[in-house]
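Trainee: Before I ask anything, here is the structure I am working with.
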Amino acid sequence: MKRTIALCGVLAALFLFGACGKIDPADCKHESHDEHAVCTNCGKTLSHSFSDGECTVCGKTTPFLWKSIAKNETLMSAVTAGTAHGGTIERITYETEAYNIEALTGEKKTIEKHAYVYLPYGYSETERYDLLVLLHGSSDSEGYWFAQNEYDSSDLGKYFNIGNHTKDLLDYLIESKQIKPTIVVTPTLYNEYDNYKAENSVVTKQLGKELTNYLLPYMAKNYSTYMSGSTSAEMIAARDHIGYCGFSMGGFTGMESVLSYCLPYFSYIGTFSGSTFDPDAVIHGINGDIEKYPVNYWYSSCGTQDGTVKYADSKKSYESIVKGVPALQEDENTSFVSIANANHTYECSLTSLYNALQVFFR
Ligand SMILES: [Zn+2]
Ligand SMILES: [Zn+2]
């Protein structure tokens with residue numbers, strides 16, 4: 001009798017093992033996953049499929065905005081109403097080696113570049129502030145985010161079809177205490193604007209050198225950040241208070257420069273409507289640094305109707321990189337956000353900026 005029961009137990013165990021054994025990921029349709037986005041059928045980790053604040057696969061919710069910021073009437077009316085006290089924007093001039101030109105021609109030279117700096121209301125030299133470096137996309141300039149210089153009202157219609165609200169958004173988020181007072185600097189990708197098409201072929205891998213060798217030291221010397229000085233050690237010591245975000249070509253740059261070799265300096269990275277043609281190189285770069293210099297958060301996003309970078313390519317780049325970097329954990333220090341029905345627009349980049357600020361510098 002005992003023996004029969006034991007045999008049944010073994011048979012039952014064999015049966016159960018067969019029934020519950022994981023199926024091959026290659027044959028799996030990945031139809032359900034758990035809250036960590038691990039497929040319940042094959043065990044493969046996939047990203048959540050977020051739409052309008054909720055994963056369409058597992059129902060998990062997030063702090064991010066999924067629809068275009070322009071379509072969130074509550075938020076937009078608060079943003080456009082303005083705040084009692086707003087920040088200020090000033091133009092800076094700094095020197096840098098012309099890394100794009102050097103990569104294209106071999107010629108070494110130093111040039112002057114301009115950027116805009118947003119200082120939060122009440123900015124004081126006696127306080128310290130988080131610093132966000134914010135980049136535009138291909139063919140735009142340092143004026144993109146804050147609609148400065150060449151962006152006259154007719155251009156606003158072209159580029160900013162909901163008007164330009166980057167400063168309004170920052171003012172609102174700071175005044176309503178949703179984020180801490182933050183300094184935002186918007187440099188340009190390019191060494192010579194008229195040469196932007198040629199520079200596009202090299203800038204995504206070059207810009208990190210300018211950021212870490214010239215722009216961050218300039219910011220350390222001239223503004224009250226967490227960097228106590230402009231030596232590498234002093235800047236690296238402040239990395240928990242330094243972030244990078246970039247839209248489109250700036251998103252490619254976030255992967256191919258900032259994630260790839262600037263992690264000692266940047267711990268928060270946002271890549272908006274970006275992608276990479278060489279995820280293995282990015283993975284190799286991140287894995288070389290991440291143990292010593294952890295990624296506090298990598299926020300990545302793309303509009304589901306993006307006709308320029310292509311939504312599927314952006315998502316695939318993200319998934320390839322996360323798969324190749326064990327220290328990037330979906331939903332813990334990284335997320336991919338699918339912005340519903342959004343195209344490759346300022347609205348989409350502003351939505352992404354709002355999202356990134358929900359998790360940066362926390
Ligand atoms: Zn599966
Ligand atoms: Zn999910």
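Trainee: Using alpha-carbon pairs under 8 Å, 6+ residues apart, how would you state the relative contact order of the chain in percent?
Mentor: 17 percent.
Trainee: If Lys and Arg each add +1 and Asp and Glu each add -1, what is the summed charge of the other residues whose beta carbon sits under 14 Å from the beta carbon of A81?
Mentor: Spelling it out: positives minus negatives among the neighbours equals -3.
Trainee: Would you please give the FRET efficiency between E54 and A237, computed as 1/(1 + (r/R0)^6) with r the Cβ-Cβ distance and R0 = 30 Å, to the nearest 0.05?
Mentor: Using R0 = 30 Å, I get an efficiency of 0.15.
Trainee: Mind checking which aspartates and glutamates have their Cα closer than 12 Å to the Cα of K197? Skip sequence neighbours fewer than 8 apart in that chain.
Mentor: Counting by Cα, and skipping residues close in sequence, K197 has these aspartates and glutamates nearby: D140.
Trainee: Ok, one more. To the nearest Å, what is the center-to-center distance of segment 71-119 and segment 296-362, using C-alpha atoms only?
Mentor: Here the two parts' Cα centres lie 21 Å apart.
Trainee: Continuing with the same structure: Could I have the simple spin-label model distance between N341 and S230, label points 7 Å from Cα toward Cβ, reported in nm to one decimal?
Mentor: 4.9
Trainee: If you place +1 on the Cβ of every Lys and Arg, -1 on the Cβ of every Asp and Glu, and leave all else neutral, what size is the dipole of the chain about its Cα centre, to the nearest 20 Debye?
Mentor: Magnitude of the dipole: close to 1140 debye.
Trainee: Of all the stretches in the chain, which is the longest one without any exposed loop site, taking GluC sites (Glu not before Pro) in a DSSP loop (any state but H, G, I, E, B) with at most 15 other Cβ atoms within 10 Å?
Mentor: Of all site-free stretches, the longest is 193-290.
Trainee: Another question about this same structure. Of the options G254, T212, G143, report the single residue whose Cα projects farthest towards the positive end of the charge dipole of segment 69-359 (beta-carbon charges: Lys, Arg +1; Asp, Glu -1).
Mentor: G254
Trainee: Where the accessible area of the chain is counted over protein heavy atoms with a 1.4 Å probe, how much of it, in %, is carbon and sulfur?
Mentor: Of all accessible area on the chain, carbon and sulfur atoms account for 51 percent.
Trainee: Now for a separate question. Could you work out how much longer the chain between E332 and T45 gets when fully extended? Use 0.36 nm per residue separation minus the Cα distance between them, nm to one decimal.
Mentor: 102.0 nm
Trainee: Here's something else I'd like to know. Would you list R362, R239 from the most to the least accessible area, probe 1.4 Å?
Mentor: Reading off the accessible areas and sorting them downward yields R362, R239.
Trainee: Tell me, what ³J(HN,Hα) does each residue in segment 126-143 have, in order and in whole Hz, if you take phi through Karplus 6.51 cos²θ - 1.76 cosθ + 1.60 with θ = phi - 60° and put x for Gly and Pro?
Mentor: Result, ordered by residue: 8, 9, 10, 10, 5, 10, 10, 9, 10, 10, 8, x, 3, 6, 8, 9, 4, x Hz.
Trainee: Efficiency by 1/(1 + (r/R0)^6): what FRET value for E73 and S176, r their Cβ-Cβ distance, R0 = 22 Å, to the nearest 0.05?
Mentor: After rounding, the FRET efficiency stands at 0.85.
Trainee: Next question. At 0.36 nm per residue, and after removing the present C-alpha to C-alpha distance, how many nm does the segment from T93 to E127 gain when stretched out fully?
Mentor: Difference between extended and current length: 9.9 nm.
Trainee: What residues qualify as long-range amide H neighbours of K67, i.e. H under 5 Å apart, gap of 5 or more or another chain, H built at 1.01 Å from N?
Mentor: D52, A340
Trainee: Kindly report the accessible area of the chain per residue (heavy atoms of protein chains, probe 1.4 Å, no ligands, DNA or RNA), in Å².
Mentor: Result: 45 Å² of accessible area for each residue.
Trainee: Please work out how much length the chain gains when fully extended from K310 to D280, using 0.36 nm per residue of separation minus the C-alpha to C-alpha distance, in nm with one decimal.
Mentor: Working it through step by step, the gained length comes to 8.9 nm.
Trainee: Label D27 and E112 with points 7 Å out from Cα along Cα→Cβ: what is the distance between them in nm?
Mentor: Label at D27, label at E112, 6.9 nm between them.
Trainee: Let a ≥ b ≥ c be the square roots of the eigenvalues of the Cα gyration tensor of segment 69-359; is it rounded (a/c under 1.5), or, if not, prolate (a/b larger than b/c) or oblate?
Mentor: Verdict is rounded for segment 69-359.
Trainee: So, with +1 on the Cβ of K and R and -1 on the Cβ of D and E, and no other charges, what is the size of the charge dipole of segment 239-351 about its Cα centre, to the nearest 20 debye?
Mentor: Rounded to the nearest 20 debye, it is 100 debye.
The values are calculated or read from the model by the stated rules, or taken from the named source; none is laboratory data. What you are looking at is a predicted structure, and each value in this text was computed from that prediction instead of being measured. Here Cβ is always computed from backbone atoms with ideal geometry, including for glycine, and neighbour counts include all displayed protein chains. These area figures cover heavy atoms from the full protein model, side chains too; ligands, DNA and RNA do not enter into them. Shrake-Rupley method; radii C 1.70, N 1.55, O 1.52, S 1.80 Å.
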